[in-house]
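The values are calculated or read from the model by the stated rules, or taken from the named source; none is laboratory data. Because the structure is predicted, anything quoted here is derived from the model rather than measured. Don't worry about glycine lacking a Cβ; one is built from the backbone with ideal geometry, like all the others, and counts go over all protein chains shown.
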Amino acid sequence: MTNFTSLIAGSTGYLGSKILNYLSKEDKKIYSLSRRKNTLNNANLEELIIDFESLDEFELPKIEHVYLCLGYELRAWELIVMPDKLKKPFYKVDYEYTLDIAKKSLDAGAKSISLVSAVGANTDSTSFYLKTKGELEEEIKKLPFETINIFQPGHLAGRINWQREKNDPRIDVFAFEIASLFFDPFMISGLRKFRSINAKRLAKFIIKKSKENHNGINYMSYNDFTYDN
């Protein structure tokens, strides 16, 4: 495994912050692209604070790998049926900004990419959320990266404590956490991929896989996260 200069977009989010935390323990340069500063203080970290609306005018520094963890924050039920008023801002963040950063990363020298998508992502899905995720995957796959890692997790477990830290208690998060404890054991065979995954475990897995340099397009979901981590 080899360390490399990396860029992470979405480092202030739930999963992104954990990826950044583990990356900060390494001895290579990390760039964080976000709208606000991180609470993490590390000598290897350089924060790039931008207005994503001005992304076209922004030039990324030289990098070797990019982690894409951007995501518009939604309530649990909005993942299933998204109100029309949220579709535009969600699409802008999860599709447009993310794809633009991927393209800019190529220009900045990146050879590999790690995209956090979602289980069930499909361009033919009736869910606007999953359809958008599927469309993004297809566009990312067209880009000439040597390695494209696409991670498709289900519910990210452990979010209750994170919401408390943000002083933003959410009943939907609490309900999802409790429901996953009950339903996950019954998700077997083809349903296993929909099981919840601990965010810290997933973050470690994503970093590990990003450094293995398996050329081509690599899809990974629950069975991979739990078997190889």
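Observations on the model:
- Condition met for residue 121 (in contact with a helix residue (DSSP H, G or I) (Cβ under 7 Å, 6 or more places away or on another chain), among the small types (Gly, Ala, Ser), surrounded by fewer than 23 Cβ atoms within 10 Å (Cβ to Cβ) and in contact (Cβ under 8 Å) with a residue 12 or more places away in the chain): yes
- Residue in the stretch 188-198 that is touching a helix residue (DSSP H, G or I) at 6+ places or on another chain (Cβ under 6 Å), of a type in the set (D, E, K, R), surrounded by fewer than 20 Cβ atoms within 10 Å (Cβ to Cβ) and outside any loop (DSSP other than H, G, I, E, B) present: yes
- Note on the stretch 43-60: residues that are farther than 22 Å from residue 71 by Cβ and touching a helix residue (DSSP H, G or I) at 6+ places or on another chain (Cβ under 9 Å) total 2.
- Scanning the stretch 88-112 for residues being more than 15 Å from residue 9 (Cβ to Cβ) and within 19 Å of the chain's Cα centre (by Cα) gives a total of 4.
- Among the residues of the stretch 54-74, those that are aliphatic (A, V, I, L, M) and crowded, with 19+ Cβ neighbours inside 10 Å comprise 60, 63, 66, 68, 70.
- Matching residues, the stretch 109-134, being on the phi > 0 side of the Ramachandran plot and of a type in the set (Val, Ile, Thr): none
- Selection of the stretch 14-28 for residues being in contact (Cβ under 8 Å) with a residue 24 or more places away in the chain and surrounded by fewer than 19 Cβ atoms within 10 Å (Cβ to Cβ) yields 21, 22, 27, 28.
- In a residue-by-residue description of the stretch 153-174, the property of being surrounded by fewer than 13 Cβ atoms within 10 Å (Cβ to Cβ) and at pLDDT 90 or above applies to no position.
- Test: residue 154 is small (Gly, Ala, Ser) and within 21 Å of residue 103 (Cα to Cα): no
- When restricted to residues that are in contact with a Leu (Cβ under 9 Å, 6 or more places away or on another chain) and either at positive phi or not acidic (Asp, Glu) (or both), the stretch 71-90 contains 7.
- Where residue 96 falls short, out of the listed (1) touching a residue at least 12 places away in the same chain (Cβ under 8 Å); (2) surrounded by 12 or more Cβ atoms within 10 Å (Cβ to Cβ): (1)
- Residues within the stretch 194-212 that are touching a Gly at 6+ places or on another chain (Cβ under 8 Å) and under 26 Å from residue 23 (Cα atoms), tallied: 6
- For the stretch 1-10, the tally of residues that are farther than 18 Å from residue 68 by Cβ and part of a strand (DSSP E or B) stands at 0.
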